[in-house]
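Asks: What follows is a single structure, and I will ask about it in a moment.
The values are calculated or read from the model by the stated rules, or taken from the named source; none is laboratory data. Keep in mind that what you see is a predicted model, and the values were worked out from it rather than measured. Here Cβ is always computed from backbone atoms with ideal geometry, including for glycine, and neighbour counts include all displayed protein chains. Just so you know, the surface numbers come from the protein's heavy atoms only, side chains and all, with ligands and any DNA or RNA stripped out. Shrake-Rupley method; radii C 1.70, N 1.55, O 1.52, S 1.80 Å.
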Amino acid sequence: MRKMILLIFGLFIIVVSVFIYKDQNKKDSFKEIQKPLSDEAIKDGVVVDESKDKEDVKEKKFKDITEDSKKEKKGSKYPYYTMGDIDSGKYRYPKVIDPMPPRGMNIDNMDQTPDYVDRNVLNVPFKDYVVFYPQHQDDEVLWAGSAIKYAIKTRGANHVFVALVSSGTGHKVFKQEQFKGMTLKDKAEYRNREFLDSCRHLGIPRENIFFIYQERMDWKTDFNLEREFALKMEKKYKNVTHITHSYKYDDHFMHRANGETLYNLWKKNEIKDLRFYIKPFLLEYVNASLNSLNVYSVSNKQDYESIRNACRAYKYINPEKERAGIGYQTDFMSFEKLVYNKDENSFIIIQNNKIKG
């Protein structure tokens, strides 16, 4: 009997320990989605801890920690707002159904056919010039591919720009043997070859592609440079739409810091038109009463193939050409889901006021 009691007590201790561990793990993960420019990895607008760039917070973990926050702050006078601001928003956008393709289908052999209906005309028109600010190589096609295609179609390729904010060298993929001994610049160029190939397929002229981080000799991510670039584009072209990551509805701290940098300019009226692209699975967290949603999609086979080929640029491997398929390794699921969707949707939100979104 005594042994049975000890056994039950031991099992109880194990269960409680596991629960405490998981709870602590969630709380630690919650640090990943605090106000970005106050993040410990960012000092004076410069990313000082690249190791945090290893991966995004996973979807399940994001849901767990935001739900925990909702319970903890219920009824609080000063709620802690998560990126989804889930404590207060009553009206949300519907969940995006974003299935993985069947086994055996991937971006190499998928061949979807759009329905040839141009729904983009329902969206708020772009200004005369459009600038996209991807944080990392591949963000431009994964979250804004169809928006870029439509910007080119309506404003002309010479009026569309892509400005890469980060070198993208903080990911854990660079711990692989093939990258050992490489400098930061060597690693960045591996990713940039994929990025330039992607932009080529999307139709962006080479002279309209900028590498913001290269303004620093050490190539560190510096959001002050992004700020200066946006102001320069606004001054030069006057009538500009700036499109970047959400400062709030994103699961990566560098994406949010990117968005917050331009959001601060918009709040001060230093840039006139600002919009945010968002990952499909996070759309259900967006406060629909404070944000307008624009959905961009392809409406012909040519544009579908253009985006598909841009995705394939991140999978291409050829040691002789120093191509290693890095983008696909870091987030193959997002590439597969995008190409499997015949409309290849890009979700962009426009905040309705400058105070709260």
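Asks: Starting from the Cα-Cα distance between residue 300 and residue 175, subtract it from 0.36 nm times their residue separation and give me the gain in nm to one decimal. Could you put the intermediate results ahead of the total?
Replies: Values: separation 125, 0.36 × 125 = 45.00 nm, distance 4.01 nm.
Result: 41.0 nm gained on full extension.
Asks: For the pair residue 321 and residue 189, how long in nm is the line joining their label points, each one 7 Å along Cα→Cβ?
Replies: Here the modelled spin labels are 1.7 nm apart.
Asks: Sticking with this structure for a sec: As an exercise, use a Förster radius of 30 Å and the Cβ-Cβ distance of residue 236 and residue 121 to find the FRET efficiency, rounded to the nearest 0.05. Working shown, then result.
Replies: Values: r = 28 Å, r/R0 = 0.95.
E(calc), rounded to 0.05, equals 0.60.
Asks: Taking the Cα of residue 154, stepping 7 Å toward and past its beta carbon, and measuring to each backbone N in segment 300-334: which are under 18 Å?
Replies: Residues 300, 303-304 fall inside that zone.
Asks: If you don't mind, there's one more thing I want to ask. Cα gyration tensor of segment 233-357, axes a ≥ b ≥ c as square roots of the eigenvalues: rounded (a/c below 1.5), prolate (a/b > b/c) or oblate?
Replies: Working: a/c = 1.88, a/b = 1.67, b/c = 1.12.
Prolate, because a/c is 1.5 or more and a/b exceeds b/c.
Asks: Of 282, 184, which has the most accessible area with a 1.4 Å probe, and how do the rest follow in descending order?
Replies: Numbers: 282 0, 184 60 Å².
I get 184, 282, largest accessible area first.
Asks: What per residue convex hull volume, in Å³, comes out for segment 276-335 when only alpha-carbon positions are used? Please report the intermediate quantities before stating the final value.
Replies: Values: hull volume 6.6 nm³, N = 60.
Spelled out: Cα convex hull of segment 276-335, divided by residues, is 109 Å³.
Asks: Would you please give the residues with an amide H less than 5 Å from that of residue 210, counting only those at least 5 places away or on a separate chain, with H modeled from the backbone geometry?
Replies: 162, 163, 164
Asks: OK, next. If I model a spin label at residue 292 and residue 49 as a point 7 Å from the Cα along the Cα→Cβ vector, what separation in nanometres do I get?
Replies: 3.9
Asks: Next question, about the same structure. Give the residue from 352, 335, 311 lying farthest towards the positive end of the charge dipole for segment 310-357; charges sit on Cβ (+1 for Lys and Arg, -1 for Asp and Glu) and the dipole is referred to the Cα centre.
Replies: 352
Asks: While we're here: May I ask you to list the chymotrypsin sites (Phe, Trp or Tyr not before Pro) in segment 88-146 that are in a DSSP loop and have at most 12 other Cβ atoms within 10 Å of their Cβ? Provide the component values of the computation, followed by the final result.
Replies: Numbers: sites: 91, 116, 126, 129, 132, 143; in loops: 91, 116, 126.
The qualifying sites are 91, 116.
Asks: Taking loop as defined by DSSP and a crowding limit of 13 other beta carbons within 10 Å, which trypsin sites (Lys or Arg not before Pro) in segment 133-228 fit? Please report the intermediate quantities before stating the final value.
Replies: Details: sites: 149, 153, 155, 172, 175, 180, 185, 187, 191, 193, 200, 206, 216, 220, 227; in loops: 180, 216, 220.
Filter output for segment 133-228: 180.
Asks: Give me the count of lysine pairs in segment 226-335 whose alpha carbons sit under 25 angstrom apart, restricted to pairs 8 or more positions apart or on different chains.
Replies: Summing the qualifying lysine pairs gives 21.
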